[in-house]
Structure formats: structure tokens, C-alpha cells
1. Among 205, 141, which is at pLDDT below 90 and over 16 Å from residue 104 (Cα atoms)?
2. Please state which of the following conditions residue 223 fails to meet, knowing it meets all the rest: (1) at pLDDT 90 or above; (2) assigned to a loop (DSSP other than H, G, I, E, B).
3. For residue 183, all conditions in the list (1) at pLDDT 90 or above; (2) over 14 Å from residue 219 (Cα atoms) hold save one; what is the number of the exception?
4. Out of curiosity, is residue 216 within 16 Å of residue 169 (Cα to Cα), surrounded by 11 or more Cβ atoms within 10 Å (Cβ to Cβ) and at pLDDT 85 or above?
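The values are calculated or read from the model by the stated rules, or taken from the named source; none is laboratory data. Keep in mind that this is a model prediction, so the values were computed, not measured. Backbone-built Cβ (ideal geometry, glycine too); neighbour counts: all protein chains shown.
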């Protein structure tokens, strides 16, 4: 009998000791468990006003008023002017690609004919084809990047200010190349309607005269594109300089 009572007493004493140790551990600052705050939490469901777990409210009020969370800002949409600029850049890139292919087709005929006769290709024609190839490749890169970025909902090429200066430099180089092409073949074929001998006859002269005007169109398109890139880079640089100037003036005022 005394042995059973001793076991019960010992069990009760050990359980009481464990309970006190657990309670003391919970009261320590570093081991406090998470409890719901007494005030409404915007990320959890608020308890009803008569819920005792809500806790006391300052000022003796029965309810706690809180402004709703601001809605997530939707992604910025382009204005009609921005959409028109993107559309203009797309149309210009397509035209540059198409006219570049036309120049390659017009001048590569003479290169192919020279190879068929086992002769070296004329250097002027090779220069024109290389210039057209660089222009066509650039326009194709613009189109592919524009399509890829638009598919991934990212800013297109016309909205990336960091690329304005590199594109302006590259397109200025293309303008110089096209200017040389137009100067060479314009001097050779503008105002010429007949060539004697074995130079290809009237058909070649007619084709080269048309190619000269295609060269001029390519020159104007790339000059307009380069000027547009340069203007947008200059405006973006002006906005950045103005922002930095305002920041420096505000710092001076604070000092």
C-alpha cells in the first residue's frame, strides 16, 4: 500500500517539476512563442470585436479603425505617343531590312557573273554587298529583340535609354558606309543611260541606276534612325543631369 502511494506521489512530483520548468522556459525573452497581436493585423483575419483574445484596445474603444492596405501598383502602360513611337521604330526596321535585301540582290548579280567567268569580283560591288549585309543584319536584330522583349513583357528597344548611345554610334557608322556607296555608284551611273562594250549593256545600266536610288533610300533611313537615337540619348542625358543637379542643390540646402 505504501509502495503504491509512494509511486503516485513520485509521479505527481515529477510532472509538477516538468510543468514549472516548461513555464519558466516560455517566460524567457528569447523563447517566447508567437502570439497574435491584440490589434487587427492586415495580413491575418481580424477577430470579432467581442473576442476575448483580441486584448484591450487603447482609449477604451470597442473597435480599432485602420486604413486599408494600398493596392499593388499596376505596371505602367505606354501612352498613345509611346505606342506610336514603338510602331514607327518597328516599321522603320522592317523597311531597313527589306531595302537591305534589295541592295544585296541588285549588286550580287554582278558578283555572281564575275565568278561564273572565273574573274575576281569587283571591289566596289563587294563593298556595297557587305554594307547592305551589315544593315540587314542590324535591322533583323532589332526586329528579333523587339519581338522577344515584347513577348516577355519587357521594355522594347525604343524604351531602353542605356542603348541609345551605342546604337547611335553604330548607326552613324552605317550612315558613313551608305554615303560612300551612294557616292561611288552615283558618280558612275547617275545620268548614264548606255554603256558600250562587254560591260553588261543597257540592262545593267538600268539596274545600276535603280540600285543607286535604293542606296539613297537606305542612306536616308539610317540617317533618320541615327538622328532619332542621338536625339533621344541627348534628351535622356539631359533628364539625368537635371535630376543630379536637383539632388546636389537639395543636399546643399540641407547642409
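1. On the way: 141 fails: at pLDDT below 90.
Going through 205, 141 in turn, just one is at pLDDT below 90 and over 16 Å from residue 104 (Cα atoms): 205.
2. Just one mismatch for residue 223, condition (2).
3. Only one criterion in (1) at pLDDT 90 or above; (2) over 14 Å from residue 219 (Cα atoms) is unmet by residue 183, namely (2).
4. On the way: within 16 Å of residue 169 (Cα to Cα): no; surrounded by 11 or more Cβ atoms within 10 Å (Cβ to Cβ): yes; at pLDDT 85 or above: yes.
No, not satisfied.
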